[in-house]
Ligand code: AMP
Ligand code: MG
């Protein structure tokens, strides 16, 4: 199959909508990462997503909507808190896991009794949902296991020949996947951190952080958010998080200088490092770290890195999401200034 990579213009949005109505899959920009979309109500179309990505069947998909009437159709008696969160954070990078309606096929929800729903903020994503008139099941548009795509070229590199169309809507403004929360009356459970932070959610109800956010899950275990148990977001190189202050990070990296050894450090810090160094955003600017993380991980592979030593980010605000993705990219390898596992 030939893959067309086209700008997200009105004509190409109409083309995407027509392909989706015919049961095809399409790569789309959103503000979080690029998504690989299909009609959420068409099981054959949804199976094409799993086939193109090589995604494990037990990992459910998020369904994307463009108004609250779609939320009513796809869920079963959402609590009032869900509407309060929708009012506060939609359109935007928050997915709510709610009891599902019968119209949703098992292919979307991996046979769970719940469904993850999101109203994206990106105008091209909204336009495709509106023009197609369909709720769109869409995971990240990468090969399963590799870093999520934050540019149309990332989608092309992973999925060319496997899907008919990718709409190019520029670089994703958030750069990490959505915050996933399970919502009941009076209680929020954080399943995956993202652009909407724990601090923001806590204004509405107490937030319980699921164990899978910061701890490695047994791949055979039954977990609340199946996506969190897989090796994820990871380049071919070995990624190691170095939990140390800057002077110790410099000594750590410079003493391990060798062929294939790279670093990811905050902007400006590369002048002190004696190995090739990729950007990990600006120190203290957590949003800039979120935005470049996946692109820098992909560039490590393009450059042939074998080992990448990464600065440990702050763990508050969107920094929790950055750290969560980095932990998975590193297979949970975190070391101190002497190289001892933490
Ligand atoms: P992706 O679409 O690749 O960003 O992955 C979607 C994430 O949302 C995965 O981590 C899923 O496990 C999670 N998710 C989607 N639907 C549900 C659900 N019904 N219950 C729990 N987690 C879900
Ligand atoms: Mg994904």
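The values are calculated or read from the model by the stated rules, or taken from the named source; none is laboratory data. Model, not experiment: these values are computed from the prediction. FYI the Cβ positions are ideal-geometry reconstructions off the backbone, even for glycines, and counts take in every protein chain you see.
What to note about this one:
- Filtering the stretch 15-32 for residues that are surrounded by fewer than 21 Cβ atoms within 10 Å (Cβ to Cβ), in contact (Cβ under 8 Å) with a residue 60 or more places away in the chain and under 19 Å from the mean Cα position of the chain (by Cα) leaves a non-empty set.
- Residue identified as in a loop (DSSP other than H, G, I, E, B), at negative phi and surrounded by 19 or more Cβ atoms within 10 Å (Cβ to Cβ) among 71, 134: 134
- Check on residue 60, at pLDDT 95 or above, within 14 Å of ligand 1 (Cβ to nearest atom) and assigned to a loop (DSSP other than H, G, I, E, B): yes
Conditions (1) within 19 Å of the chain's Cα centre (by Cα); (2) within 22 Å of residue 115 (Cβ to Cβ); (3) within 16 Å of ligand 1 (Cβ to nearest atom), marked per residue:
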| position | (1), (2), (3) |
| --- | --- |
| 167 | yes, no, no |
| 186 | no, yes, no |
| 197 | yes, no, no |
| 206 | no, no, no |
| 219 | no, no, yes |
| 224 | yes, yes, yes |
| 233 | yes, no, yes |
| 237 | no, no, no |
| 256 | no, no, no |
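- Flag for residue 31 being out of contact with any strand residue (DSSP E or B) (no Cβ under 8 Å at 6 or more places or on another chain), at pLDDT 95 or above and within 22 Å of residue 295 (Cβ to Cβ): yes
- Residues in the stretch 296-342 that are assigned to a strand (DSSP E or B) and surrounded by fewer than 22 Cβ atoms within 10 Å (Cβ to Cβ): 307, 334, 335, 341.
Rundown of residues vs (1) within 27 Å of residue 89 (Cβ to Cβ); (2) surrounded by fewer than 21 Cβ atoms within 10 Å (Cβ to Cβ); (3) within 16 Å of ligand 2 (Cβ to nearest atom), yes/no style:
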| residue | (1), (2), (3) |
| --- | --- |
| 141 | yes, no, yes |
| 151 | yes, yes, yes |
| 156 | no, yes, no |
| 175 | yes, no, yes |
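- Selection of first residues in the stretch 221-249 that are surrounded by fewer than 18 Cβ atoms within 10 Å (Cβ to Cβ) and of second residues that are at pLDDT 70 or above and part of a helix (DSSP H, G or I), restricted to Cβ pairs under 6 Å at least 6 apart or on distinct chains, gives the following pairs, ordered by first then second residue: 223/212; 236/301.
- Failed condition for residue 115, given (1) in a loop (DSSP other than H, G, I, E, B); (2) more than 16 Å from ligand 2 (Cβ to nearest atom); (3) closer than 17 Å to residue 49 by Cβ: (1)
- Any pair with Cβ under 9 angstrom, 6 or more apart, that starts in the stretch 49-64 at a residue that is closer than 17 Å to residue 28 by Cα and ends at one that is crowded, with 20+ Cβ neighbours inside 10 Å and modelled with pLDDT under 95: 49/55; 61/55
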